[in-house]
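What follows is a set of notes on a single structure, which appears directly below.
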Amino acid sequence: MRESTIRWLVHVGALIMTIGIPIAVAALAIVHRMPFMDLMRTNPLLIIPYAFVYVGWGAVWAVIAADWVWHGSLGIRRFVEEFVNDPKLRRIINILILIFIIVEGFVMVYSLVFVPA
Amino acid sequence: MESTLESGRGFGEWFRALNIERVLAAIHKITGIYMVLWLFPRPWIVIITGHWSSLLAFDMTPIGKFLAALFVLSFLFHGLNGLRILLIEYGIISGWPVRHPIKPLPALRVSRFHRVALLLIIVITIIGGAYAIYLTVYGLTHLVMGV
């Protein structure tokens, strides 16, 4: 895959998180009539992930979970490749990162969507 | 004499030839690594134990809350700075690079829009981060739904 495509994927992943999560939380508050003051007093780590599970928006949550994995994994790739100059070794790292994205993505989506909160 | 920046030399390069953009870039990477370390093991713990409760119980301990507060702070900074990087890469924040006449320092953008973006990132990270850390430590731990 071209580097520009990978960079574009990182950007899409970033936008889904930084724009998608606030929209989803706001939608949650509106749809389920959660008072604004309660929203502003709730632990963000509770409100963001578990609210999705609570209202059963599994598909949306799965997209965000997968998005975390690919954005984070491509970040790891970039970090690891700062230590590597050899093109062959970089190719191996690319393959390992791809395997990691698939495995971690599956585990992340499964744990968030199918394991009860 | 200072050498120019090189790729493939590891994180020692992050802290050399610093200016505001490179400091933000270094913090961006550090916060990204921390978020991966905090987030990625969690689904495995859930899969192994078969439920979320043990992980959530750990999150309620002082150490768990401290780690979670660091995560929230990292998320806030990483997200804001990431948006700034996106705006630069897509040409919405444009500027003209300024180079030090002698030292091989990397370019520093000087457009007014970029200065405003830098200021916003710093201010929102400090104020929003303090509030987010407060919520992580003392916020409600149950959902209040109207339905």
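Tabulated results
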{"item": "Options B:27, B:33, B:88: the member that is in contact with a helix residue (DSSP H, G or I) (Cβ under 9 Å, 6 or more places away or on another chain), assigned to a helix (DSSP H, G or I) and facing chain A (nearest Cβ under 9 Å)", "result": "B:33"}
{"item": "Any chance residue B:103 is in contact with an Asp or Glu (Cβ under 8 Å, 6 or more places away or on another chain) and either more than 11 Å from chain A (Cβ to nearest Cβ) or among the hydroxyl-bearing types (Ser, Thr, Tyr) (or both)", "result": "yes"}
{"item": "Filter result (polar (S, T, N, Q) and closer than 22 Å to residue A:24 by Cα) within the range A:64-117", "result": "A:111"}
{"item": "Filter result (exposed (fewer than 12 other Cβ atoms within 10 Å of the Cβ) and of a type outside the set (D, E, K, R)) within the range B:102-128", "result": "B:102, B:110, B:116, B:119, B:123, B:127"}
{"item": "Qualifying residue in the range B:50-70 (condition: closer than 22 Å to residue A:100 by Cβ, in a helix (DSSP H, G or I) and touching a helix residue (DSSP H, G or I) at 6+ places or on another chain (Cβ under 7 Å))", "result": "yes"}
{"item": "Within the range B:8-24, considering residues that are in a helix (DSSP H, G or I) and in contact (Cβ under 8 Å) with a residue 24 or more places away in the chain, the one nearest to residue B:142 (Cα to Cα)", "result": "B:24"}
{"item": "Conditions (1) in contact (Cβ under 8 Å) with a residue 40 or more places away in the chain; (2) within 25 Å of residue A:13 (Cβ to Cβ); (3) part of a loop (DSSP other than H, G, I, E, B): number failed by residue B:78", "result": "(3)"}
{"item": "Residue within the range A:73-84 that is among the small types (Gly, Ala, Ser) and closer than 23 Å to residue B:12 by Cα present", "result": "yes"}
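Yes/no matrix, rows are residues, columns are (1) free of Cβ contacts under 8 Å to residues at least 40 places away in the same chain; (2) small (Gly, Ala, Ser); (3) surrounded by 12 or more Cβ atoms within 10 Å (Cβ to Cβ):
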| residue | (1), (2), (3) |
| --- | --- |
| B:48 | yes, no, no |
| B:53 | yes, yes, yes |
| B:88 | yes, no, yes |
| B:93 | yes, no, yes |
| B:100 | yes, no, yes |
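Every number here is computed from the coordinates shown, using simple stated rules; none is lab data. These numbers come from a predicted model, not from an experiment. Cβ atoms come from the backbone with ideal geometry, glycine included; neighbour counts cover every protein chain shown.
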